[in-house]
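The values are calculated or read from the model by the stated rules, or taken from the named source; none is laboratory data. Being a predicted model, the structure only gives us computed values, none of them experimental. Here the Cβ is made from the backbone with ideal geometry for all residues, glycine too, and neighbour counts use every protein chain on show.
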Amino acid sequence: MYSAHVMDHFQNPRNAGDLPGANAVGSAGNPSCGDVLRLYLKIENGRVAQASFKTFGCGAAIATSSILTEMVKGKTVEELRAVTNAQVVEALGGLPPFKAHCSVLAEDALRSALADYSSGNGAG
């Protein structure tokens, strides 16, 4: 049902936990399944220096959160605006159709973090 890459990110999530000094924090939730993602970014000189997450949810939600933090590292704020849920799915090697909402959760949390960064730093 899940690719080896999805299982790896679920069983060995990258960048899980709080991120002290984060200057962009976003949250997203899916009321239909109960998944909740909190994304933390530390943006320095217009680029993501560090990223982390906390997710309460299923394996696919954890995997999409984990891969998202890997995808955004080193990207500029402008590049972050172009990240889509389809790219998250592609980076994981696919998700079952009934788990596609987990990739939307990742994109929504990223958009939320970007809004937080823009409002808190006037950098938007």
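Mind listing whichever residues of segment 1-55 are under 22 Å from Thr76 (Cβ atoms) and hydroxyl-bearing (Ser, Thr, Tyr)?
Selection gives Tyr40, Ser52.
Which of the residues that make up segment 22-43 are at pLDDT below 95, part of a loop (DSSP other than H, G, I, E, B) and in contact with a strand residue (DSSP E or B) (Cβ under 8 Å, 6 or more places away or on another chain)?
Gly34
Please state which of the following conditions Ile43 fails to meet, knowing it meets all the rest: (1) within 14 Å of the chain's Cα centre (by Cα); (2) within 19 Å of Leu80 (Cα to Cα); (3) β-branched (Val, Ile, Thr).
(1) is the only condition that Ile43 fails.
Given Ala106, Ala24, Ala28, Ala82, which one is farther than 16 Å from Pro13 by Cα and within 11 Å of the chain's Cα centre (by Cα)?
None of the other options fit; the residue is Ala28.
Take the residues of segment 1-48 that are within 18 Å of Lys99 (Cα to Cα) and touching an Asp or Glu at 6+ places or on another chain (Cβ under 7 Å): which is surrounded by the fewest Cβ atoms within 10 Å (Cβ to Cβ)?
That would be Gly29.
Suppose we keep only residues that are closer than 16 Å to Gly46 by Cβ and of a type in the set (Ser, Thr, Tyr) within segment 85-124. Which one would you say is surrounded by the fewest Cβ atoms within 10 Å (Cβ to Cβ)?
By that ranking, first place goes to Ser118.
If we scan segment 2-11, do we find a residue that is acidic (Asp, Glu), modelled with pLDDT of 95 or more and closer than 20 Å to Leu92 by Cβ?
Checked against the condition, which is being acidic (Asp, Glu), modelled with pLDDT of 95 or more and closer than 20 Å to Leu92 by Cβ, segment 2-11 yields at least one hit.
If you check every pair at least six apart or on different chains, which have Cβ atoms under 9 Å apart with a residue in segment 1-30 that is at positive phi first and a residue that is of a type in the set (Asp, Glu) and surrounded by fewer than 19 Cβ atoms within 10 Å (Cβ to Cβ) second?
Asn15/Glu70
Which of the residues spanning segment 44-100 are outside any helix (DSSP H, G or I), farther than 16 Å from His5 by Cα and aliphatic (A, V, I, L, M)?
If the condition is that a residue be outside any helix (DSSP H, G or I), farther than 16 Å from His5 by Cα and aliphatic (A, V, I, L, M), then Val48, Ala49, Ala51, Ala82, Val83 are the ones that fit.
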